[in-house]
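Trainee: One structure is given below, represented as structure tokens, and several questions about it will come after.
The values are calculated or read from the model by the stated rules, or taken from the named source; none is laboratory data. Not measured: the values here are computed from a predicted model. Counting neighbours? That spans all protein chains shown, and the Cβs are built from the backbone with ideal geometry, glycine included.
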Amino acid sequence: MAEAHDREGGTQSFTLRLRRYDPESGNAPYWDEHKIELEPHRSVLEAVLQAKDRFDGSIGIRCSCRQAICGSCGVRVNGEPALACHTHLDAAKAGARDGVIEIEPMGNMPVIKDLIVDMDAVHWKKIQRVTPWLLAKQPVPEREYIVPKDAMVDVTQTMACIQCGACVSDCLAMEVDPGFIGPAALAKAYRFVGDPRDAEQYERLNDLAQDPQGIFDCTHCFKCVEACPKGVNPMGQIMRLRRIATGDHHIVDQNNGKRHEDALTTLVRDYGLNHEAELVPRSYGGNSWFGKFHPAAGKEMLASLPTAIKGLLRGKMTPAKILFGHKIPAQDLKAVQAIYDKVESRPERYELNLYIAGEDE
Ligand code: SF4
Ligand code: SF4
Ligand code: FES
């Protein structure tokens with residue numbers, strides 16, 4: 001009878017493994033398992049709420065809209081950040097290692113209880129850091145500002161953010177440096193930097209470039225791009241901030257971020273690939289072969305010696321590559337350099353925002 005009911009109602013059995021932790025209890029975190037019955041197209045959030053309703057009312061989870069709008073149900077499902085209300089049970093089961101759907105709190109934020117993290121302590125604090133409101137150009141028009149359509153569509157991508165914290169949860173740079181302003185807040189910063197009505201584009205960019213935990217702290221790992229359920233592409237926004245800061249305002253930052261970028265682009269143009277042994281000295285000592293003789297470069301080279309030795313021992317680097325860099329076939333190098341010529345010969349930088357073209361997926 002039960003089976004017949006399952007077929008009619010289309011429900012299936014799913015096992016949830018929940019990460020439980022109550023810091024106030026003084027006990028260590030533990031895993032808790034519950035079997036629930038729901039249709040496969042129902043969400044992980046509904047499953048957790050069923051477990052809470054039927055088996056253990058003390059399970060902590062935050063939710064509100066249940067429609068991927070409010071951003072409050074961010075968790076990790078099978079190790080990946082996700083909105084619990086926007087993750088179907090069948091998909092979650094398919095992605096589970098042993099058929100058991102594992103749900104745990106987001107990373108990089110302290111746990112308040114079970115699946116609830118302290119967004120105030122990390123996420124919202126960082127959002128506050130970037131002055132998250134428009135500093136309007138003066139005089140404010142009597143009726144309204146008229147802004148170009150493309151400019152508004154461009155910032156609309158960052159306006160799509162629902163502040164769920166999924167990108168923060170998975171940011172590798174934040175894991176190493178919790179002080180990093182982070183993907184969500186920097187995407188928010190772009191929302192105002194890219195807004196033609198804002199009066200402080202230079203000041204905002206200079207602030208974020210000079211901050212040692214600002215735009216140059218991002219390591220291009222793409223985790224925030226993959227994590228975001230709304231296609232905000234935080235890393236893309238950070239790269240835009242960098243390009244406007246260095247390309248349009250010629251801001252030279254105290255973190256060597258601009259010098260590092262200049263050195264990397266020069267090396268790729270000259271060798272077709274990065275020349276790792278030249279990158280550090282040029283980033284600190286100046287973008288030429290002589291950069292390595294600058295005292296600042298010497299200090300950094302000494303500091304990176306253990307990494308270089310590890311690379312040599314593991315065969316990732318060879319003495320020949322350290323001295324002469326990578327060699328790629330001459331026609332490939334020519335093709336790389338032709339791209340540079342084409343890009344550099346443009347009268348002005350051309351930003352292709354795939355979100356505007358509707359192709360961000
Ligand atoms: S790309 Fe940058 S901001 Fe995004 S997760 Fe990686 S380090 Fe963090
Ligand atoms: S950028 Fe995306 S992942 Fe990050 S908080 Fe906003 S919606 Fe969530
Ligand atoms: S409950 Fe609102 S986004 Fe999931």
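Trainee: On the basis of being under 14 Å from A91 (Cα atoms) and within 16 Å of ligand 1 (Cβ to nearest atom), does E39 make the cut?
Mentor: So E39 fails the test.
Trainee: Select from segment 33-76 the residues that are among the β-branched types (V, I, T) and buried (at least 18 other Cβ atoms within 10 Å of the Cβ) and write down the one among them that is farthest from ligand 2 (Cβ to nearest atom).
Mentor: Checking each candidate, the answer is I36.
Trainee: Among all residue pairs at least 6 apart or on different chains, which show Cβ distances below 9 Å where the first residue, located in segment 219-246, is of a type in the set (V, I, T) and the second is within 16 Å of ligand 3 (Cβ to nearest atom) and in a helix (DSSP H, G or I)?
Mentor: Within 9 Å, the pairs are V225/C167; V232/C167; V232/A184.
Trainee: Among (1) in contact with a helix residue (DSSP H, G or I) (Cβ under 7 Å, 6 or more places away or on another chain); (2) away from ligand 2 (no atom under 16 Å from the Cβ), where does H250 come up short?
Mentor: Going through (1) in contact with a helix residue (DSSP H, G or I) (Cβ under 7 Å, 6 or more places away or on another chain); (2) away from ligand 2 (no atom under 16 Å from the Cβ) one by one, H250 breaks only (1).
Trainee: For V140, indicate whether it is surrounded by 20 or more Cβ atoms within 10 Å (Cβ to Cβ) and more than 22 Å from E226 (Cβ to Cβ).
Mentor: no
Trainee: Among (1) more than 14 Å from C164 (Cβ to Cβ); (2) modelled with pLDDT of 95 or more, which single condition is G107 missing?
Mentor: Just one mismatch for G107, condition (1).
Trainee: Something else now. Quick test of your reading of the structure: I103 fulfils all but one of (1) within 14 Å of ligand 2 (Cβ to nearest atom); (2) surrounded by 16 or more Cβ atoms within 10 Å (Cβ to Cβ). Name the failing condition by number.
Mentor: Every listed condition holds for I103 apart from (1).
Trainee: Right, something else. How many residues, within segment 141-172, are within 17 Å of K223 (Cα to Cα), more than 16 Å from ligand 3 (Cβ to nearest atom) and assigned to a helix (DSSP H, G or I)?
Mentor: Residues in segment 141-172 being within 17 Å of K223 (Cα to Cα), more than 16 Å from ligand 3 (Cβ to nearest atom) and assigned to a helix (DSSP H, G or I): 3 in total.
Trainee: Then there's this: When only residues in segment 186-208 that are of a type in the set (A, V, I, L, M) and surrounded by 23 or more Cβ atoms within 10 Å (Cβ to Cβ) count, which is nearest to ligand 1 (Cβ to nearest atom)?
Mentor: L186
Trainee: Restricting to segment 325-336, name every residue that is surrounded by 12 or more Cβ atoms within 10 Å (Cβ to Cβ) and either in the same structural domain as L279 (by TED's automatic domain parsing) or in a loop (DSSP other than H, G, I, E, B) (or both).
Mentor: Correct list: G325, H326, K327, I328.
Trainee: Among the numbered criteria (1) within 16 Å of ligand 2 (Cβ to nearest atom); (2) surrounded by fewer than 18 Cβ atoms within 10 Å (Cβ to Cβ); (3) not basic (K, R), which single criterion is violated by G10?
Mentor: Unmet for G10, out of (1) within 16 Å of ligand 2 (Cβ to nearest atom); (2) surrounded by fewer than 18 Cβ atoms within 10 Å (Cβ to Cβ); (3) not basic (K, R): (1).
Trainee: Only one residue in R97, R76, R54 is among the basic types (K, R) and within 16 Å of ligand 1 (Cβ to nearest atom), so which one is that?
Mentor: Every option except R76 fails the conditions.
Trainee: Please state which one of A51, A68 is at pLDDT 95 or above, in contact with a strand residue (DSSP E or B) (Cβ under 9 Å, 6 or more places away or on another chain), of a type in the set (G, A, S) and assigned to a helix (DSSP H, G or I).
Mentor: Going through A51, A68 in turn, just one is at pLDDT 95 or above, in contact with a strand residue (DSSP E or B) (Cβ under 9 Å, 6 or more places away or on another chain), of a type in the set (G, A, S) and assigned to a helix (DSSP H, G or I): A51.
Trainee: Here are V100, V75: which of them is under 13 Å from C164 (Cα atoms) and either away from ligand 3 (no atom under 16 Å from the Cβ) or at pLDDT 95 or above (or both)?
Mentor: Being under 13 Å from C164 (Cα atoms) and either away from ligand 3 (no atom under 16 Å from the Cβ) or at pLDDT 95 or above (or both) holds for just one of V100, V75, which is V75.
Trainee: Given the criteria in contact with a Phe, Trp or Tyr (Cβ under 8 Å, 6 or more places away or on another chain) and within 16 Å of ligand 1 (Cβ to nearest atom), does C164 qualify?
Mentor: no
Trainee: Moving to a separate point now. Would you confirm whether any residue within segment 128-148 is away from ligand 1 (no atom under 16 Å from the Cβ) and under 12 Å from V232 (Cβ atoms)?
Mentor: Within segment 128-148, not a single residue is away from ligand 1 (no atom under 16 Å from the Cβ) and under 12 Å from V232 (Cβ atoms).
Trainee: Of everything in segment 206-218, what is more than 16 Å from ligand 2 (Cβ to nearest atom), without any contact (Cβ under 8 Å) to a residue 60 or more places away in the chain and closer than 26 Å to C164 by Cβ? Give them in sequence order.
Mentor: Residues satisfying the conditions are D207, D211, Q213, G214, F216, D217.
Trainee: Let me ask another. Is it the case, given these coordinates, that D177 is out of contact with any Phe, Trp or Tyr (no Cβ under 8 Å at 6 or more places or on another chain), surrounded by fewer than 22 Cβ atoms within 10 Å (Cβ to Cβ) and within 30 Å of C73 (Cα to Cα)?
Mentor: yes
Trainee: Just give me the residues in segment 78-92 being over 18 Å from C224 (Cα atoms) and either buried (at least 18 other Cβ atoms within 10 Å of the Cβ) or modelled with pLDDT under 95 (or both), in sequence order.
Mentor: Those that are over 18 Å from C224 (Cα atoms) and either buried (at least 18 other Cβ atoms within 10 Å of the Cβ) or modelled with pLDDT under 95 (or both): C85, L89, A92.
Trainee: On the given criteria, is R54 within 16 Å of ligand 3 (Cβ to nearest atom) and farther than 24 Å from M109 by Cα?
Mentor: no
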